[in-house]
Amino acid sequence: MMKNKIKLKRYLAINAVILIVFAGIAVVFSVMEYRAYNHNYNEKLEAVIALVKEKCPDISDSDIMEILNSEKNNGEFLKKYGIDIDNNSAVFVNESVHQKYFLLYILIIVAFGCVLTASFLIFNQKKDAEIADITRYIEEINKKNYELHIDEISEDELSILKNEIYKTTVMLKESAENSVKSKRNLKKSLEDISHQLKTPITSILVILDNLIDEPDMDSALRDEFIRDIKRETANINFLVQSILKLSKFDADTINFIKDEVLIRDIIKKASQNVSTLCDLKNVRLNIIGDEGAHLNCDFRWQTEAVTNIIKNCIEHSESFSNIDIFYEENYVYSLISIRDYGSGISDKDLPHIFERFYKGGNASNDSVGIGLALAKTIIEEDNGHITVSSDEKGTKFEIKYFKL
């Protein structure tokens, strides 16, 4: 139930004040009527006593007061004159007083009813106006007009309802904007994917045409063409797999299985994944860290993220160079630092390296610009944050997995 029904409380308070005012008026009139009755009775009684004292001087004042305060009178004397002691007044002027005040009481009741009715109608009119506003808000929302501003700050039922509608409006507006943004992103992604696939597919088609047109091609050249087709096919497969993974993240369909994992196991598995590439470029991985350092994450996905980062470092490293990998844990976060000693990343490219399909000036021909974007997405899913710094001496990636 809603606790703070301010307008309803105000309405009930006003009605209570009205009731008290009219009750007070009724009490005042009742006192006035009582005093008028007493005045008339005492006036007539004074005249009767004066006459009795004149006619019967032997009756003392105490005897008269005893008679007046006696409870033995049964009204038989007044009945002779047609006066009922319970229903009529022996002082006739009191009958007109009674009628006058009776009419006043009727007027008080009618006025009280009119004021209450007016109060109810005003309150109900305000309610109807608010309901009409809410209806108009909903109609505007149905017309996809989300530019609504509800300044109501009270906490009665309708105001709370209006505020909830406003929240829903904001949510729908954001949803509509996100939908448009998502469509734009999807369009851009499809354009990027099309562009990324166009080059290797075109290359494969050209090679296949050469193979078909020249059946007597030199075997060494034929083998080279076949290796090129295999390389381009591998690139296409990597691109498609990466895109599918990113699509799953975008659709929020990946269920991370989090567990306490030793960082050394993640780095060890990632190192195994890039061992062939290391051998091809004669790059050595120097791994140093706290053996007991761990983090709460999905082992498989974080291994892929770290693999992509190390792979990027290897691709940008010179032959016979080193890559330093350092890891540790403190009370706030777990850290993985990966540094290469390659050509570095230019200041122009540095802000964009985590964008999908972005290829910097130093990117290799086989790069599709998706590995770092996927790594960043995975890391952030496990409450991590990745930063990069670079100069002419190389590039350093730092991943911090926060414990909060």
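The values are calculated or read from the model by the stated rules, or taken from the named source; none is laboratory data. Note that the structure is a prediction, hence the values are computed from the model and not measured. Note that each Cβ is placed from the backbone with ideal geometry, even for glycine, and that neighbours are counted across all protein chains shown.
Comparison of E130, E164 shows that the only residue that is farther than 30 Å from E33 by Cβ, assigned to a helix (DSSP H, G or I), assigned by TED's automatic domain parsing to the domain that holds H39 and modelled with pLDDT under 75 is E130.
Residue-by-condition table, conditions (1) modelled with pLDDT of 80 or more; (2) surrounded by 14 or more Cβ atoms within 10 Å (Cβ to Cβ); (3) closer than 30 Å to R356 by Cα:
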site: L158; (1), (2), (3): no, yes, no
site: M171; (1), (2), (3): no, no, yes
site: E191; (1), (2), (3): no, no, yes
site: I212; (1), (2), (3): yes, no, no
site: S219; (1), (2), (3): yes, no, no
site: E232; (1), (2), (3): yes, yes, yes
site: F238; (1), (2), (3): no, yes, yes
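Each residue in segment 267-292 was checked for being part of a loop (DSSP other than H, G, I, E, B) and under 16 Å from N322 (Cβ atoms), and 3 of them qualify.
Yes/no matrix, rows are residues, columns are (1) at pLDDT below 85; (2) surrounded by 17 or more Cβ atoms within 10 Å (Cβ to Cβ); (3) among the charged types (D, E, K, R):
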{"site": "Y327", "(1), (2), (3)": "no, yes, no"}
{"site": "S334", "(1), (2), (3)": "no, yes, no"}
{"site": "D340", "(1), (2), (3)": "no, yes, yes"}
{"site": "Y358", "(1), (2), (3)": "yes, yes, no"}
{"site": "G369", "(1), (2), (3)": "yes, yes, no"}
{"site": "H385", "(1), (2), (3)": "no, no, no"}
{"site": "E398", "(1), (2), (3)": "no, no, yes"}
{"site": "F402", "(1), (2), (3)": "no, no, no"}
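Condition check: at pLDDT 85 or above, of a type in the set (D, E, K, R) and in the same structural domain as I378 (by TED's automatic domain parsing). Does R284 satisfy that? Yes.
Evaluating S319 against the criteria (1) buried (at least 17 other Cβ atoms within 10 Å of the Cβ); (2) of a type outside the set (V, I, T); (3) in a loop (DSSP other than H, G, I, E, B); (4) over 41 Å from the mean Cα position of the chain (by Cα) leaves one unmet condition, (1). For first residues located in segment 230-242 and among the basic types (K, R), partners that are surrounded by 13 or more Cβ atoms within 10 Å (Cβ to Cβ) and lie 6+ apart or on another chain with Cβ distances below 9 Å form the pairs R231/P200. Quick one: is E260 surrounded by fewer than 14 Cβ atoms within 10 Å (Cβ to Cβ), within 51 Å of the chain's Cα centre (by Cα) and modelled with pLDDT of 85 or more? Yes.
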